[in-house]
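The structure appears below as structure tokens.
The values are calculated or read from the model by the stated rules, or taken from the named source; none is laboratory data. Bear in mind that the values here come from a model prediction, so they are computed numbers and not experimental data. Cβ coordinates were reconstructed from backbone atoms using ideal geometry, including for glycine residues, and neighbour counts include every protein chain displayed. All accessible areas refer to the heavy atoms of the entire protein, side chains included, with ligands and DNA or RNA removed. Shrake-Rupley method; radii C 1.70, N 1.55, O 1.52, S 1.80 Å.
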Amino acid sequence: VQIISQSQDKVLQLCVFNTHTLRTRELTLTPNAKWGGNGLLGCTIRFDVLQSPEKHTLHVLDVYEDSPSSVAQLDPYNDYIIAVGDLLFNGMNEFNDIIHHNVGRQVKLYVYNAATETVRQCAITPQKNWGGEGLLGCALGA
């Protein structure tokens, strides 16, 4: 954090590690307070203990018709849920706890798509009465 603050308005080179692909890439940016939002970068940096990707990603294996997951346009086999809002989860049980706590309330999922190699936000509302199985209407695997 101190390096970013000291590099305000100067070019800064970062090495970013992708926990899903287990690859790094070089990134050049200029921290700036004038971009129109909070902070110098326009993103949140989290320092965390690296675990295997299976611990904090869930693979979307199937999406059921007319379910909350189909409304959110989750893409079976290509999508991986990597976070719920600003919360990283540690496995399927912790993810399920977060979803059960938010029944009837819209939550934001951060989803990595393997086909496009992009991360996007999906708004989804866990529902008990959507007409099918589960709160999200999808099959997930670790």
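Scanning segment 19-37 for residues that are modelled with pLDDT under 85, assigned to a loop (DSSP other than H, G, I, E, B) and of a type in the set (S, T, N, Q) yields Thr19, Thr21. Among the conditions (1) open to solvent by 70 Å² or more (accessible area, probe 1.4 Å); (2) at pLDDT 95 or above; (3) in contact with a strand residue (DSSP E or B) (Cβ under 6 Å, 6 or more places away or on another chain), the only one that Tyr64 does not satisfy is (3).
Can you pull out every residue in segment 116-142 that is within 15 Å of Ser69 (Cα to Cα), open to solvent by 80 Å² or more (accessible area, probe 1.4 Å), touching a residue at least 24 places away in the same chain (Cβ under 8 Å) and not acidic (Asp, Glu)? Reasoning before the result, please.
Taking segment 116-142 as the starting set, the residues that turn out to be within 15 Å of Ser69 (Cα to Cα) are 120-141.
Retained after the next criterion (residues that are open to solvent by 80 Å² or more (accessible area, probe 1.4 Å)): 121, 128-129, 133.
Of the ones still in play, those that are also touching a residue at least 24 places away in the same chain (Cβ under 8 Å) are 128, 133.
Hit for segment 116-142 is Lys128, nothing else.
Report whether or not Asn102 is of a type outside the set (Gly, Ala, Ser), surrounded by 12 or more Cβ atoms within 10 Å (Cβ to Cβ) and over 29 Å from Phe17 (Cα atoms). Quick ask: steps written out before the conclusion?
Numbers: of a type outside the set (Gly, Ala, Ser): yes; surrounded by 12 or more Cβ atoms within 10 Å (Cβ to Cβ): yes; over 29 Å from Phe17 (Cα atoms): yes.
So Asn102 passes the test.
For segment 74-90, the tally of residues that are open to solvent by less than 70 Å² (accessible area, probe 1.4 Å) and either of a type in the set (A, V, I, L, M) or assigned to a loop (DSSP other than H, G, I, E, B) (or both) stands at 11.
Within segment 105-115, can you find the residues that are touching a residue at least 24 places away in the same chain (Cβ under 8 Å) and assigned to a loop (DSSP other than H, G, I, E, B)?
Step one: list which residues in segment 105-115 are touching a residue at least 24 places away in the same chain (Cβ under 8 Å), which gives 108-115.
Ala114, Ala115 - these are the residues of segment 105-115 that are touching a residue at least 24 places away in the same chain (Cβ under 8 Å) and assigned to a loop (DSSP other than H, G, I, E, B).
Against the test of being under 20 Å from Ala142 (Cα atoms) and either modelled with pLDDT under 95 or open to solvent by 70 Å² or more (accessible area, probe 1.4 Å) (or both), the options Ser52, Ser69 yield a single qualifying residue, Ser52. Scanning segment 75-132 for residues that are touching a Pro at 6+ places or on another chain (Cβ under 9 Å) and among the aromatic types (Phe, Trp, Tyr) turns up Tyr80, Trp130.
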